[in-house]
Amino acid sequence: MRAALVASEPRAAADPGAIRIVRAPGRVNLIGEHTDYNLGLVLPAAIDLEIRIAFVPTDDRRVELVSSATGDRARFDLDAIGPRRRAWIDYVAGTAWALAEAGIALHGLRGILVSSLPTASGLSSSAALELAAAWALADSPGGNIPPLSLARICQRAENAYVGVNCGLMDQFASACGVTGDAVLLDCRSLEFRPVALPLATHSLVVIHTGSTRSLTTSQYNLRRAQCEAAAAALAAGNPAIESLRDVTPAMLPKVRALVGDAAFRRCRHVVSENARVVETIDALAAGDLDAVGRLWAASHASLRDDFEVVSPELDALVEIATTVPGVAAARMTGAGFGGCTINLVARDAVDALRDAVAAEYPTRTGLVPRVYAVDAVSGAGFLAD
Ligand code: GLA
């Protein structure tokens with residue numbers, strides 16, 4: 001019986017030496033929220049919560065993966081990918097579709113997917129799955145193209161196949177992360193560079209609200225549409241405006257009259273957030289963590305009051321963190337509507353933060369938080385890289 005099973009499997013499966021492992025990290029965004037699709041600035045770090053796929057490449061055109069968390073098995077044919085199924089395999093199938101559209105040669109595989117990244121938590125498990133899939137599916141490593149190009153192909157998978165109109169930040173961070181650093185991306189020029197973090201003295205601590213994010217996709221797509229409508233309205237009177245990146249603080253007073261209050265506040269968030277990214281980088285370079293703390297607090301307030309994506313749970317976590325001595329900076333991270341906060345915390349204060357959150361958050365919200373001290377890691381690739 002066993003012999004018959006083995007005989008029907010692809011030949012490579014019989015050879016343990018053929019097993020390959022790819023990894024792709026999640027990300028935490030330090031600042032620059034909802035700026036990427038407005039062609040602004042973002043400052044994410046790839047983190048050591050990640051997705052791995054162990055697989056054998058095959059010379060058929062079948063992709064078959066098992067999720068180690070659920071035992072769920074999913075498959076598709078590279079020559080007949082079909083429409084999305086509203087399941088995790090969509091991120092893999094969508095990536096295969098986008099890679100093929102970009103002319104990258106692919107192979108079939110049999111594999112298992114393992115993740116330490118909590119899903120639907122604002123830490124980009126979707127982007128990590130796309131990047132891991134891209135590395136696993138491409139015939140030559142990383143499709144033989146620069147990691148930023150791979151990130152753009154994975155973003156296309158999510159926009160055009162999965163149906164989430166996300167910007168480039170998540171796929172960029174998972175593809176281009178740098179060990180020990182955050183990475184600044186200018187989403188218009190696509191230039192990027194590492195930004196040093198004070199990790200000798202401080203930790204990056206991610207805290208999960210434990211709340212679900214059911215409205216994220218619709219609300220996210222709506223925010224993006226509002227921003228694009230505001231930019232289009234402004235462009236009608238000023239052709240130099242191609243996106244909200246082109247709106248300056250000096251233009252803001254006129255914007256309210258042109259686009260109405262809600263769109264004005266979305267614009268004000270984007271304009272002020274881009275400035276805060278630059279100021280945060282300057283403050284980090286100067287070692288001025290008090291200034292970083294003020295900038296992250298202002299970012300959080302702007303996301304709450306102007307962009308309206310902060311849930312009461314995110315607010316509670318930031319409020320609790322800011323009462324703990326040694327927490328230099330705290331804000332929500334990612335799309336919002338639930339998910340996580342990011343905290344920059346003196347290394348000797350991490351336990352006090354854990355204790356404060358465990359003591360206060362469940363009684364305030366009825367939810368169970370999860371606290372992760374994370375490291376900044378390199379972008380996706382083969383495990384041995
Ligand atoms: C999600 C999207 C990103 C970005 C953030 C908000 O993570 O995938 O492209 O827009 O939200 O900053």
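The values are calculated or read from the model by the stated rules, or taken from the named source; none is laboratory data. Since the model is a prediction, treat every value here as computed from it, not as a measurement. Note that we place each Cβ from the backbone using ideal geometry, even for glycine, and neighbour counts take in every protein chain shown. Surface areas here come from the heavy atoms of the whole protein model, side chains and all, with no ligands, DNA or RNA. Shrake-Rupley method; radii C 1.70, N 1.55, O 1.52, S 1.80 Å.
Among the trypsin sites (Lys or Arg not before Pro) found in the range 52-95, those both in a DSSP coil and sparsely packed, with 12 or fewer other Cβ atoms within 10 Å of their Cβ, are Arg85, Arg86. Charges were assigned to the Cβ only: +1 to each Lys and Arg, -1 to each Asp and Glu. The resulting dipole of the chain about its Cα centre is roughly 700 debye. Label zone of Asp305 (point 7 Å out along Cα→Cβ, amide N under 18 Å): in the range 253-279 this covers 253, 256, 261-277.
So for the range 116-236, considering every pair of alpha-carbon atoms, how many percent are separated by more than 17 Å?
Here the long-distance tail beyond 17 Å is 66 percent of all Cα pairs in the range 116-236.
According to the Kirkwood expression over distinct Cα-Cα pairs, how big is the hydrodynamic radius of the range 58-178, in Å? Over the range 58-178, the inverse of the mean reciprocal pair distance is 14.2 Å.
Exposure check, 1.4 Å probe, all protein chains in place: Asp282 carries approximately 90 Å² of accessible surface. Please list log₁₀ I(q)/I(0) at q = 0.17, 0.22 Å⁻¹ for the range 251-340, using the Debye equation with identical point scatterers on the alpha-carbon positions. Here log10 of I(q) over I(0) equals -0.76, -1.07.
In whole percent, what relative contact order does the chain give with Cα contacts below 8 Å and a gap of six or more residues? Each step should come with its number before you reach the end.
Working: 812 pairs, mean separation 88.4, N = 385.
The value is 23 percent.
The relative contact order of the range 202-374, computed from alpha carbon pairs under 8 Å that lie at least 6 residues apart in sequence, is 35 percent.
Heavy-atom accessible area, probed at 1.4 angstrom with all protein chains present, ranks Phe382, Phe55 as Phe382, Phe55, highest first.
Rolling a 1.4 Å probe across all protein chains gives Asp261 an accessible area of roughly 70 Å².
Loop-located trypsin sites (Lys or Arg not before Pro) in the range 91-194 (DSSP state other than H, G, I, E, B) with a sparse environment of at most 13 neighbouring Cβ atoms within 10 Å are absent. Applying the criteria of a DSSP loop state and at most 15 other Cβ atoms within 10 Å to the GluC sites (Glu not before Pro) of the range 291-352 yields Glu308. With coordinates expressed along the principal axes, the C-alpha atoms belonging to the chain extend over 71, 52, 38 Å, beginning with the largest.
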